[in-house]
Amino acid sequence: MNKRHPFNRWLIVGAFAACLAAPAGAQDAVKLISVGELSGGGATVGTNFKNGADLAIAEINAKGGILGKKIEVTHYDSQSNPGVARGLIQRAIDEKPYAILGPGFSGSVKVTAQLTSDAGIAQVMGGEAAELTRLGMKTLFRTSFGQQSSMPKIAAYLVDEVKVKSVSMVWVNNDFGKGGRDTLSKELQARGIKIAADISTEAGQVDFAADVAKVKAAGADAVFVYLNEEESARILKEIRKADIKVPLIGETTLLGQKVIELAGEAANGVRGHVGLTTDAPVPAIQEFRKTFVTRYNYVPDHNGIKGYLSIYMIKAASEKMGKLDAKGLPDALKNLTILASKEPGILMDVTIDENGDLDRDSFLGEVVHGKQQITKILPKLKK
Amino acid sequence: MASFMSLVIAGLATGAIYALIAIGFSLLWQTSQTINFAQGEFVMLPAFFVLAAINAGAPFWLAALIGLVISVIILGAMFKRLLVDPMLRHGVLPLAIATMALSIFLRESVKEFYSAEASPFPSFIPGTTIGFAGISVSLQHVGVVLVAIASVMALTALLDRTPIGRQMQACAQNPDVARILGIPVERMIMYTFLINGLLVGIASLLVSPIYLAKFSSGETLGLAAFIAAIVGGFNRIRGAIAGGFLLGIADNLAAAYVSTQYRGAVPLFLLIAVILLRPQGLFGKAEERTV
């Protein structure tokens, strides 16, 4: 009765072999892990980044993958919480990925960068706070400009084109907002511009009436608004209600597609510098936008482009190495110039420096009749 | 002075929304000893009922009406029948924990089935500014205050001037005696849940054009309204109203004249001060319970 049928034994052996074979098969893929803000205050950021990355992966896999290997990605939700992001990055490192994508919030990047640096795994992220690439991390790479690149351009724009003498600054009290405020303050003071009001706000704040009253009372020549997308939309509505007529200047988070959608007419007239935008008069970006809209049925903001570019940066660096070497990837990304003529997915020529900062074209834009219009293309700093 | 008045009016508008939500806390507590920690999510959800109706092709006024009706049914009647009734017999604490679980469930469901991103929400009141006695005032803020005051007045009239309202008050004061007097206590309690469903629906229509429709918006609103209810007096509707207005105005004035950085601490300072100096709340009455 107790004698096992030989067929059962072979079945067990076969199943065991299949289990062993499964991980071996997985190693044949380029394994990426993304940690992003898929819920919470940064859901717009994280969702766009994720969708952009997924689109690039689908395109690359359709053409045979990276060096003949298909890309596999796992997305983890940081809930826009730096503490959760740190835990998830540790989990991602334990899963031995080829590279890590995200997070998008600078605060979350700041608390995770040491982990990826210690593990020697490339972290291609969306944070823009100036200090991120000054922390001495060896494996951290941006997908957009840091504030040390974008804020001087905004300061120059305020002085040379808007011709202001004083500016009120409204910023969100997190790593992103504070970094932008600190960097721009220095740039404005160096140019002799008076900061008439310096107003911090909180992410998720319900009422902006008091902040806007302070802006109005300060009577500056322009207002610089540097908040996350949702708060940007809400404060724009409040500013319009307060009948403030001076130019409203900002960065990508003020002129983004999501802000325009949420703020409606209140976004009209907003101006500023945008590092990445789907409204850019660049054929490759227009093609990306078209493909993205077809796939997801909405127009992405700059975070969608960041996610998309992160994958093509990894692809270009891997092809430069000629092999899939996770430990060698950070070095391959450093001092890498990727030309759009050779790698169309990179959309615009870009140079990644030793610290993981980027240099490429950027844009000045304005929201007109609910659409972002590019008024000027600013060239790369170093040719 | 003009700036001060504008800030007070904006604070009144925010406070009016807190008050509508806080009244719900007070109503449910008085009639059924229910502390609904999902009250913030109850304000978030009707906005998505309305957006779903708009996406299905309904004009805004009809979508708003549909949203209110669904709120009354789901957040009023079904909430009582499916969650409060089975849990309340086990005590206040299990019910409070169940409402916490419900808040998470509602948040995650909206995120999963609608979107994790904020959505714009239409408004009945235009966002234009009007000049009045040298003060520049947002029509939307004025409209929010007026609608909220009208809702509170209607509720007060219902409670004070109708037989049903007086029966509801009797149930709140002493359900056993009310039952002996032949008042259908269970039905009266159900009415308070339906009223709460309507109030959160109205609050949602008022706040969503300003705060946007988002799955997580209930967290901030629910917490602020809970603090407002405690500050004003948890067992008095007029206390909840006063607490809401006080919180809205104090938040705005503190941000404008003290510090924007510490504005988040203002409600908590108020809460601590009230608990230390007048535990029953500004307009509440002290209650004793046998344990």
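The values are calculated or read from the model by the stated rules, or taken from the named source; none is laboratory data. On a predicted model such as this, the values are computed, not experimentally measured, just so you know. Backbone-built Cβ (ideal geometry, glycine too); neighbour counts: all protein chains shown. For accessibility, only protein heavy atoms count, side chains too; no ligands or nucleic acids. Shrake-Rupley method; radii C 1.70, N 1.55, O 1.52, S 1.80 Å.
Structure data summary
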{"quantity": "Relative contact order of region A:192-286, pairs being alpha-carbon contacts under 8 Å that are 6 or more residues apart, as %", "calculated": "24"}
{"quantity": "Accessible area per residue, Å², the protein assembly as shown with all protein chains present, probe 1.4 Å", "calculated": "42"}
{"quantity": "For region A:293-372 versus region A:139-180, the gap between their alpha-carbon centres in whole angstrom", "calculated": "21"}
{"quantity": "Gaussian network model of chain B, Cα within-10 Å springs - most flexible of B:195, B:227, B:66", "calculated": "B:66"}
{"quantity": "Expected 222 nm ellipticity per residue - DSSP helices of 4 or more, -39500 (n - 2.57), all of chain A, to 500", "calculated": "-14000 deg cm²/dmol"}
{"quantity": "Solvent-accessible area, 1.4 Å probe, carbon plus sulfur percent, for chain B", "calculated": "70"}
{"quantity": "Inter-part distance where region A:71-94 and region B:199-234 are each reduced to a Cα centre, Å", "calculated": "31"}
{"quantity": "Net +/- balance of residues flanking residue A:66 in space, Cβ distance below 13 Å, scoring K and R +1, D and E -1", "calculated": "+1"}
{"quantity": "Calculated FRET value between residue B:153 and residue A:297, using beta carbons and R₀ = 30 Å, to 0.05", "calculated": "0.10"}
{"quantity": "Summed buried accessible area for B+A [probe radius 1.4 Å, Å², rounded to 100]", "calculated": "2500"}
{"quantity": "Extreme residue, positive dipole direction of region B:2-277, given options B:19, B:5, B:233 (C-beta unit charges)", "calculated": "B:233"}
{"quantity": "Rounded percent of accessible protein surface that carbon and sulfur make up, chain A, 1.4 Å probe", "calculated": "54"}
{"quantity": "Approximate spin-label separation residue B:100-residue A:90, in nm, with each point projected 7 Å along Cα-to-Cβ", "calculated": "2.4"}
{"quantity": "Kyte-Doolittle mean at least 1.0, axial Cα span of 27 Å or more - DSSP H helices of chain A", "calculated": "A:6-26"}
{"quantity": "Unit charges at the beta carbon, dipole of the protein assembly as shown: most positive-side option, A:317, A:200, B:122", "calculated": "A:317"}
{"quantity": "Expected 222 nm ellipticity per residue - DSSP helices of 4 or more, -39500 (n - 2.57), all of chain B, to 500", "calculated": "-23000 deg cm²/dmol"}
{"quantity": "Under 12 Å from residue A:306, Cα to Cα: aspartates and glutamates that are on another chain or at least 8 residues apart", "calculated": "A:54, A:128"}
{"quantity": "Rel. contact order, % - alpha carbon contacts under 8 angstrom, at least six apart, chain A", "calculated": "16"}
{"quantity": "Protection-proxy order for peptides B:48-54, A:56-62, A:226-232, each taking the mean of Cβ atoms within 10 Å per residue, highest first", "calculated": "A:226-232, B:48-54, A:56-62"}
{"quantity": "Residues of region B:1-21 buried by at least 30 Å² on assembly (accessible area, 1.4 Å probe, chain alone as reference)", "calculated": "B:7, B:14"}
{"quantity": "Most positive-pole-ward Cα, A:348, B:131, A:47, against dipole of the protein assembly as shown from beta carbon charges", "calculated": "A:47"}
{"quantity": "Nearest-20 debye value, region B:2-277 charge dipole, Cβ charges on Lys, Arg, Asp, Glu", "calculated": "420"}
{"quantity": "Distance violations [Cα-Cα > 21 Å] among A:165/A:241; A:163/A:186; A:50/B:214; A:110/A:138; A:153/A:376; A:165/A:371", "calculated": "A:165/A:241; A:165/A:371"}
{"quantity": "Inter-chain Cβ neighbour average for residues B:207-218, partner chain, 10 Å", "calculated": "4"}
{"quantity": "Cα centroid of region B:247-280 to Cα centroid of region B:1-27, whole Å", "calculated": "14"}
{"quantity": "Chain B: DSSP helices with Cα axial extent of at least 24 Å and average Kyte-Doolittle hydropathy no lower than 0.5", "calculated": "B:2-32, B:39-55, B:92-113, B:139-161, B:185-211, B:237-257"}
{"quantity": "About the Cα centre, charge dipole magnitude for the protein assembly as shown (Lys/Arg +1, Asp/Glu -1 at Cβ), debye", "calculated": "600"}
{"quantity": "Dipole moment magnitude, nearest 20 debye, chain A about Cα centre, only Lys, Arg, Asp, Glu C-beta charged", "calculated": "760"}
{"quantity": "Most to least packed among B:19-31, B:70-82, A:188-200 [average Cβ atoms within 10 Å]", "calculated": "B:19-31, B:70-82, A:188-200"}
